[in-house]
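Notes follow the structure.
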Amino acid sequence: MASAEPQGIAPFTGPWLRRAAAVALAVGTLSIGALSTTAARAAAASPGTELPRVVHEQGRHALLVDGAPFLVLGAQANNSSNHVDVLPAAWQTLATLHANTLEMPVSWQQVEPVEGQFRFDFVDALLAGARGHGLRVVVLWFGAFKNGGPGYAPEWVRADTVRFPRKRDARGEGLAPLSPLAASTLAADSRAFAALMRHLAAVDARHTVILVQVENEPGAFGIPREHSAGADRLFEGGVPRELVDGLHRTPGTWRQVFGALAEAAFTGWHTARYVDAVAAAGKSELALPMYCNSALSDPFASEPDPAWVSSGSPDWNMIDLWKVAAPHLDFVAPDIYSRDAPAVFAWLDAYRRDDNALFVPEIGNAADYARFFWAALGRGAIGFAPFGMDATGYVNYPLGAKVLDDATLEAFAADYRAMAPHARGWARLAATHAGWGTARGRDGETQAHDFGAWRIDARYGRWLIGDEGWTFVKADVPPWKAEPVGGLAVLALGEGEFLVAGSRVRVGFSLAAPRPGQRWQYLSVEEVAIDDAGRLLAGRPWNGDQVDYGLNLPAEPVLLHVRLGTWQ
Ligand code: DGJ
C-alpha cells in the first residue's frame, strides 16, 4: 500500500485565494517587455483602447488584448451561421461552453452583394451581441477562398469568369476554384476586405474583434496546381528569387527545389502571396492580428498523396514557405479533424514554432477531441476552438460530433469552465515559461517529459488511488479506462516547481537521472487560482491519498501548483 516515493509534506494552511507572497513568481521578473505589469495596469485603466497584437519573445507567444495576455477559449460557429437569426443559437452554445470568444464567418457575398455597395448590418449585430454577452470575436473572412472554393464570393464575382478566372486543369477544363493569379480577383477581394476592416475601425474602438482570419483553408484537394497558359509559364520559370533566398535554398525549378511537393509549393506560393496582399489591404485600415488556417495532410507521409493535400493551404509542410510569402500574417494555423493522438501532437508541434504562435482555430467538436485542449495549452497555445458550436442542429460528423448533446458540450465546457477564471494569468505564464501538453494516446500508453532534472509522466485509465501492485483488494476496471479522455498541461515555473492542469490523468514525478541515494518529495501541492498578472493565489492543499499515488486529476479539471525537492 506504500506509495512509490516517501513524501514529506510542508504545512501549507493558507486560506483560499490568499495572495501567496511566498510563491516564487513575481510579475516584475517576466521577461517579455510587452507583458510588463505597467503595461497590464495601463490597459486595465483604459480597457479596449489598445489594439490587440501578437507578441513573441524567445520562441514564446502571447495574444495581447487590452494590453495583456489573453487565452482564446473559443468556439467556431457553423458555416451558414453568419446570419442575425442564428446569433442567439451561437450565444446560447457559447454560454454553455464557458467560452470567451466566438469565431464567426463574415463573407464577401454578405458584405458586398452588389459591387461597390457595402453593408455591415450582420457585423454590427455580431458586435452588439458579443458585447452584450461579454464575448470577444474572431472574424473569419470568407472571401475568394473557402475550402479552396468560391462559394462565399458574391454572385457578381462567380458569374464573371473573364474578369474573375477560375483555375484550369491540364486539359484546359475549368475548375471551381478562382485563380489566385488574377490581379482583378485580388483587387476586388482586397477592396471588400479593406472595407470590412475600415468599418471595424469605425465601430469597434473597444476591440471586440481581437483576431481576423484571412480566407478559409485557401487550398484545394485534388488540384495540385492550375494549368492556364500563364500558370504554366510561371511554373516553368522557376522558383522566385525571393522565395529561394527566404528559404536559404539553391535557385532552381520548382521540381529541383521542392521535389514531390513542387506543385503544392507553387500553388502555396501564389496563394500565400494573394492572402498576404488581402491581409495587407485590411491591415492598412485596421492592423488587427491576422492569420490563415489550413486543412492538414498526413503529418507522417514522406511522399504526400496529392489527392489528400489541400494544395495552396498553409499546411504543416508549407509553413516555411508561408513565412516568406505572407509577412502580413501574424501566424498560420491548423484545422484539426483527426482523432489520432500522434497526428494531433505532430500537427501541434509543427505549428508551435519560435516564429509562429500556436492557435487552433478549428478542431472537431466530438467529445474525444476535448482532451487535446490540454495538449495545445501545454504547448503554449494562444487559443483553441472546436468547430460547429451553435444550437442550429447541424452536425458535421464524421469530422465532429454525431449530435451536439449535453455530454458533448460538457466535454469542452468542463475544460473551459476550469480555465476561464485563470485564462489571462495562464496566458501570461505560458508566454514566459516552458511547457508540456499531452492527452491520452492511441492505447492509453504512459507518456513522459523531462524538465531539467525532473521527469513528469502521464498515465490514463486509473482510479484515483492504488496501482498495479494492489492484489489484496478486487477492483473494477475504471469505466473510462478505454475511453479517449484525459489530458495534461504543465508549465515549469522554476526548478522543481510546476503548474499542472488537466483531467482524467494520473501525474507522476521522478528524478530523470537521480544520483545514488538521491530521493525526492513533494514540498507542497496546492489547488491554485492565477490572477491576471500571473500571480498564484493559494487554495486547498492536497496531501495523503490525494498525492500518495501520483496526482490523480479527476473528471472535473483542476489546476495545481506543485513544488518538489530532493533529499539524500
Ligand atoms: C474545415 C473548414 O475550414 C470549415 O469551414 C468546415 O467546412 C469544416 N472543414 C467542415 O465542417
Can Leu286 be described as touching a Leu at 6+ places or on another chain (Cβ under 7 Å), more than 16 Å from the ligand (Cβ to nearest atom) and closer than 30 Å to Leu560 by Cβ? no
With the condition kept exactly as written, say whether any residue in the range 449-458 is away from the ligand (no atom under 16 Å from the Cβ), over 18 Å from Phe509 (Cα atoms) and not polar (S, T, N, Q). no
Take Phe387 and tell me if it is at pLDDT 95 or above and more than 14 Å from the ligand (Cβ to nearest atom). no
Given the criterion touching a strand residue (DSSP E or B) at 6+ places or on another chain (Cβ under 7 Å), of a type outside the set (Asp, Glu), within 25 Å of Val139 (Cα to Cα) and not in a loop (DSSP other than H, G, I, E, B), identify the matching residue among Ala413, Ala420. Ala420
So for the range 416-424 (the condition being of a type in the set (D, E, K, R), surrounded by 20 or more Cβ atoms within 10 Å (Cβ to Cβ) and farther than 14 Å from Ala75 by Cβ), does at least one residue qualify? yes
Across the range 342-371, the tally of residues that are buried (at least 23 other Cβ atoms within 10 Å of the Cβ), away from the ligand (no atom under 16 Å from the Cβ) and over 25 Å from Trp141 (Cβ atoms) stands at 2
So which residues in the range 52-81 are assigned to a strand (DSSP E or B), of a type outside the set (Val, Ile, Thr) and either closer than 16 Å to Leu135 by Cβ or within 16 Å of the ligand (Cβ to nearest atom) (or both), if there are any at all? Leu63, Phe70, Leu73, Gly74, Ala75, Gln76
Based on what the data block shows, is Ala277 more than 15 Å from the ligand (Cβ to nearest atom) and in contact with a helix residue (DSSP H, G or I) (Cβ under 6 Å, 6 or more places away or on another chain)? yes
From Arg515, Arg519, Arg504, Arg540, grab the single residue that is in contact with a Leu (Cβ under 7 Å, 6 or more places away or on another chain) and modelled with pLDDT of 95 or more. Arg504
Consider Asp405 carefully, then state whether it is more than 16 Å from the ligand (Cβ to nearest atom) and in contact with a Phe, Trp or Tyr (Cβ under 6 Å, 6 or more places away or on another chain). no
Within the range 459-480, is there a residue that is among the hydroxyl-bearing types (Ser, Thr, Tyr), within 31 Å of the chain's Cα centre (by Cα) and closer than 29 Å to Ala427 by Cβ? yes
Residue that is farthest from Arg241 (Cα to Cα) [pool: residues in the range 292-309 that are within 13 Å of the ligand (Cβ to nearest atom) and out of contact with any helix residue (DSSP H, G or I) (no Cβ under 9 Å at 6 or more places or on another chain)]: Ala295
Within the set of pairs 6+ apart or on separate chains, which have a first residue in the range 277-296 that is closer than 16 Å to Glu217 by Cα, a second that is part of a helix (DSSP H, G or I) and within 16 Å of the ligand (Cβ to nearest atom), and C-beta atoms under 6 Å apart? Cys292/Val275; Leu296/Trp347
Quick check, is Tyr274 of a type in the set (Phe, Trp, Tyr), outside any helix (DSSP H, G or I) and buried (at least 20 other Cβ atoms within 10 Å of the Cβ)? no
Across the range 202-249, what is the number of residues that are in a loop (DSSP other than H, G, I, E, B) and within 16 Å of the ligand (Cβ to nearest atom)? 4
Sole residue being surrounded by fewer than 22 Cβ atoms within 10 Å (Cβ to Cβ), more than 16 Å from the ligand (Cβ to nearest atom) and more than 24 Å from Asp276 (Cα to Cα), chosen from Val162, Val84: Val84
Name the residues in the range 121-168 that are more than 28 Å from the chain's Cα centre (by Cα), assigned to a loop (DSSP other than H, G, I, E, B) and touching a residue at least 40 places away in the same chain (Cβ under 8 Å), would you? Pro154, Pro165
Find all pairs meeting these conditions: Cβ atoms under 6 angstrom apart; at least six residues apart or on different chains; first residue within the range 206-227 and under 30 Å from Gly129 (Cα atoms); second residue part of a loop (DSSP other than H, G, I, E, B) and within 11 Å of the ligand (Cβ to nearest atom). Glu217/Asn147; Glu217/Ala295; Glu217/Ser313; Pro218/Ser313
Of all residues in the range 481-495, which are surrounded by 21 or more Cβ atoms within 10 Å (Cβ to Cβ) and more than 23 Å from Ala341 (Cβ to Cβ)? Leu493
Check Ala265, Ala260, Ala231 and return the single one that is more than 22 Å from the chain's Cα centre (by Cα), closer than 22 Å to Pro334 by Cβ and modelled with pLDDT of 95 or more. Ala265
If you take the residues in the range 87-108 that are outside any helix (DSSP H, G or I) and either away from the ligand (no atom under 16 Å from the Cβ) or of a type in the set (Ser, Thr, Tyr) (or both), which one is surrounded by the most Cβ atoms within 10 Å (Cβ to Cβ)? Ala99
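The values are calculated or read from the model by the stated rules, or taken from the named source; none is laboratory data. Source: prediction; values computed, not measured. As a convention, Cβ positions derive from the backbone with ideal geometry for all residues, glycine included, and neighbour counts pool all protein chains shown.
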